[in-house]
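Notes to accompany the following structure.
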Amino acid sequence: YSSKDLHGIEFIDSYVFNQVEDIRFNSTVGKFVGYTEHGVYNAETWNKGSELAQELGELERVCKPHADIYYSAVLDKTGEQG
């Protein structure tokens, strides 16, 4: 996200095996996307099941509450030395 009102906040969950990204959930896209043959198969399955609803809920459950904490802890700093 790029503003304090959390407009445009985005949740990305990537699944990587042997340094290759197989599948990714992006809250802006709203579904799983596969990048390998196995990832495409899993994405199709997960988009039809309860996994999709769980991932969609993570933005509200985890990201937005914690974004306020991180914003005030990191981004509100004025560059004080010490």
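Candidates N18, A43, C63 compared by Cα position along the dipole of segment 12-75: farthest toward the positive end lies C63, with charges placed on Cβ. Charged side chains reduced to their Cβ positions (Lys and Arg at +1, Asp and Glu at -1) give segment 12-75 a dipole of some 140 debye around its Cα centre. How many percent of the accessible area of segment 12-75 is carbon or sulfur, using a 1.4 Å probe? Carbon and sulfur atoms account for 55 percent of the accessible area of segment 12-75.
The values are calculated or read from the model by the stated rules, or taken from the named source; none is laboratory data. Small disclaimer: the values here were computed from a predicted structure and weren't measured. Positions of Cβ are generated from backbone atoms using ideal geometry, with glycine treated the same way; all protein chains shown enter the neighbour counts. To get the accessible areas, we keep the full protein, side chains included, count just its heavy atoms, and leave off ligands, DNA and RNA. Shrake-Rupley method; radii C 1.70, N 1.55, O 1.52, S 1.80 Å.
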